[in-house]
Each structure stands twice: as structure tokens, then as C-alpha cells.
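Report on one structure; see the data block that follows.
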Amino acid sequence: MTTIGNILLADISPLGVRGMQWALVIASSLVLFFLSPLAKNTNQFFKAVHKKKVPNTFMLMGSLVISWIFAKSITNAANLGLDYGLVGGVAYAGYYFSFAVAGIIIYRMRIQGNFTSIHHFLTFKFGQGAVAVFSILIAIRLFNEVWSNTMVIGTYFGDMGTSSYYWSILVFTTLTLAYVLKGGMSSSIFTDVLQMGLFSVLLIVILWSIFSQETSFTAQRMLASGTWSFEMGLNLLFAAVLQSLSYPFHDPVMTDRGFLSSPKVTLRSFLLAGIVGAICIVLFSVIGIYAQSQNMTGQAAVEVGKAFGVVILLVINFIMITSAASTLDSTFSSFSKLLSVDLNLGNTLKFGRWSMVLIAILGTLPVFLDAEILSATTISGTMVIGLTPVFIFWKTKAPKISFHLSVFCGILFGFLLIFKWFPQQMIFTTGKYADLLWINFWGILSCVTLYLIPKWIKG
């Protein structure tokens, strides 16, 4: 594969490679558009009911995994593999503990509480004020998902600020919007399954090339990479596990899928998705581990693609397209459901489709403002740690003020992280992500305490 790739790279100009990338974006989007089911009613558009059937275990699991393995995520996984070896990949995979947390809690909320959505639960327990605050948080999350993923796609077509960079983002966003407008959540779930299958095949092709005889890169070398210490990745691993107690609940792309199928199918799908997703992230970090073994610098996925030639470069590019498209279509459908169903602003197909157009436009604007691309995950993850006691203790009776005290405490700790105002004396490990770990630790402890104090006062 390496030899073929290098021969092709010698024969094809950069302009020709760029043309192939454009062909991949346009062809894959058109195929998904024509294959996507057409939603004719709100059940199909918002609840993914297709031919009177809800998604089965395999469909739901595949949709959950690929909608979370977004372009930004696999870029991070590869770069962490480059920086920290296998420890970096495992650390980032720690976020997939979120699936187990969300799956178990949503299952119990449905079985024991008869709740039909996260908004239903919050309205019942904490009132409209809590729903308003929560809706703002997840709207910001969805807004971030649009630009942070499309900007990754743009970097494969040109340097930031170039016309090819901007045009690729605009075309990609428009084509993805087109097929999800057709079927809403039904399109999102259906295309996710196709994208998951394609992602798996492409990942195998990349790994096959990396572990080929020509590279002399072995599984033993991969397993021996990195050092299992706080300084070399464990800070991030423990921070990811802590954030997983709240992180999934501010992501409607995940939680919306928690109420589509039966409770048992949903629980099984979430648990499987956590395992499969974590494995995929670790395997994708192998790209970075290989880059580390070759003393490469820069963006791991891009540099490895260049080293292996145009074939692997295009395969990596196609993986980015596939993962970004799956996240983007899920973002559009979740934002549409948020406004139309959860906030009851207009439960119609027309309103749902116009909501998608709105988030596509608003979410693309930051692209032209040079927003920071890879900070969204860790920062937003800290800002929502206040949701931890709200959902972990969902059965515990608590006054409305408990929700607000905990959530705004989490937002405060998020700002402490952003502006680096947290006292160093309370950070007990060293290295990168040490502040992330300990701010989340002390933050969650503070949020839980503030959540429970009003309950203790009321007796």
C-alpha cells in the first residue's frame, strides 16, 4: 500500500489530490441524499420512526458511536497518540465512559420515573427556569459542534483563511444539511449506520498500512509506547472519567437517542457503544503513535497521510468527512428537536426544517472569525460539571434552587479553568491537563455539596 501510494503521489499533482477530495465530499453527500428516507410526518422526522419501526440495537449503537467519533475527536486522538503514546489514546477514550453513565441513568429514568425526555424530567423536578438554563447550555453545545467539526474538514482543503478552506466548509455544510433536511432524525440514524460501516473499513485500511511489513511497526511497539504517569496522560484520563458523570447530559446528540427505542434496547446499545467507541478511539490514536515512532511533528493524521502517499491521505481525509458529516447531521436534527419538541416552539416538519437551516447558518459564522478549534470539548466539559448531581442523584428529592446552585457553580469552575485563576496549591499532580483534572475534582465536589445543602436545610 505504501509503495502504491507513493507512486500515485509522484504522478498526481496537489491540485489533482484536491480534486479527488472534492469528489469524495460531493459524491458521498449525494449518495447519502438519495439513500436517506423522506420524512412525511413528525414521528419520522423527530423520533426516527421508519416503516412503523424504531431503531434496533445495532442501528442505535452504530449511530451513537459514529455521531461521537467526530472529526475533532479523532484529530485529538491521533495527536494525543503522537504526544503520549498509547496512554494518550486510552486517556481520550475515557470520555466514552459517558455512554455507560448515560445509558444506565436514562434506562432508570424511563423505567422508574416514566420520563420521556431529559426536558420532561427537568420540567417535572425543577421547573421551567431549570429547563431554560439547560436549553441554553445545550444550544451552545450544538452551536460549537457545527464550526468545530467543519473547520477540521477545511484544513484538509487549504490553509486557514484561504478561499479553498472557506469554500470546502460551505459546500460540506450545505450538502450535509441537504440530506438531513430530507428525513430529520430518520436520515441521521440511517446514514449513521452507513457511515459507521464505512468508517470501520477505512480504519482497517489505515491500520493495515501502518502495521505492514514495510513499516516494521509492530503491536508490541504500540503497546510499549508512552509512560503510565500523570504527566504523560493520566491527568487527562482521570479528568475524562470525572467529566463523564455530567458530560453526556449536555449532549442532546446522545441523549435524544436514549428515548427512541425500548428501554432495554437503549441500554444495550449505549453499553455496546461505549465499548466500541473507546476501541475505535484507541485504534485511531495508533496513527499518532506511529507518527511518534517516526519522529513526526504537527497534525499526526495529516503527516502520516502525507508519509504514506495519496491513497492513505485520501482514506484519512474520507474518514474525517464521514465522521464530521455524521456529527453534523446529528447536530442539525438535535437542534431541530430541541426547538420543535423539547421547547414546543413548533412541532411541525416546516418549523423543524427551518430550525436546521438556522443552526447551519449560525454555526458556520465562527469559521470566519478564526475561533479556536480544539478547545470546545474540555472547556465545555468543565462548564457542565454542575449537571453531575442533577442526574446522578435524579431520584433524590431536591428543591429547585439546588439545580441552579450546582449548575452555576460548574460554570464558575469552567471560567476558573479558562482564565487560569485556580490556585496552584490545590493542584496535586504535574504536567499537562493537571489543572483540568483538579479543577474538575474540586468543582464536582463543590457542585455536589451546593446541590445537597438546600435539601439538608429543608430537612
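The values are calculated or read from the model by the stated rules, or taken from the named source; none is laboratory data. These figures come from a predicted structure and were not determined experimentally. Methodologically, a virtual Cβ is constructed for each residue, glycine included, from the backbone with ideal geometry; neighbour enumeration extends over all protein chains shown. SASA here: full protein model, heavy atoms, side chains in, ligands and nucleic acids out. Shrake-Rupley method; radii C 1.70, N 1.55, O 1.52, S 1.80 Å.
The figures follow:
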{"quantity": "J(HN,Hα) series, segment 344-351, from Karplus relation 6.51 cos²θ - 1.76 cosθ + 1.60, nearest Hz, glycine and proline x", "calculated": "6, 8, x, 7, 9, 4, 4, 5"}
{"quantity": "Entries in LYS53/LYS125; LYS395/LYS458; LYS397/LYS458 that, when Cα-Cα distance is taken, lie over 21 Å", "calculated": "LYS53/LYS125"}
{"quantity": "Simple label model, 7 Å out from Cα along Cβ direction - LEU412 to LEU362, nm", "calculated": "2.8"}
{"quantity": "Label point distance in nm, TRP167-LEU343, each placed 7 Å from Cα along Cα→Cβ", "calculated": "3.6"}
{"quantity": "Cut-off under 5 Å, modelled amide H: who pairs with SER229 long-range", "calculated": "LEU234"}
{"quantity": "Portion, in percent, of the accessible area of segment 183-273 that falls on carbon or sulfur, probe 1.4 Å", "calculated": "72"}
{"quantity": "Where the Cα pairs of the chain fall when distances are cut into 10 Å bins, in %", "calculated": "4, 21, 31, 27, 13, 3, 0, 0"}
{"quantity": "Prolate/oblate/rounded call for segment 143-284, Cα gyration tensor, a/c under 1.5 rounded", "calculated": "oblate"}
{"quantity": "Total formal charge among the other residues, if their Cβ is under 13 angstrom from that of GLY288, Lys/Arg +1 and Asp/Glu -1", "calculated": "-2"}
{"quantity": "For segment 312-459, radius of gyration divided by Kirkwood radius, i.e. Rg to Rh on alpha-carbons", "calculated": "1.07"}
{"quantity": "Whole-Hz couplings from phi, Karplus 6.51/-1.76/1.60, listed for segment 180-194; x for Gly and Pro", "calculated": "7, 4, 5, x, x, 5, 4, 5, 4, 5, 4, 6, 4, 5, 4"}
{"quantity": "Net charge of neighbours whose Cβ lies under 13 Å from the Cβ of PHE99, counting Lys and Arg as +1 and Asp and Glu as -1", "calculated": "+1"}
{"quantity": "Cut-off 13 Å between beta-carbons: net charge of the residues surrounding ALA324, Lys and Arg +1, Asp and Glu -1", "calculated": "-2"}
{"quantity": "Per-residue HN-Hα couplings for segment 281-293 [Karplus 6.51, -1.76, 1.60; θ = phi - 60°; Hz; x = Gly/Pro]", "calculated": "5, 4, 5, 5, 5, 4, 4, x, 5, 5, 4, 4, 5"}
{"quantity": "Solvent-accessible heavy-atom area per residue, rounded to whole Å², over the chain at 1.4 Å", "calculated": "40"}
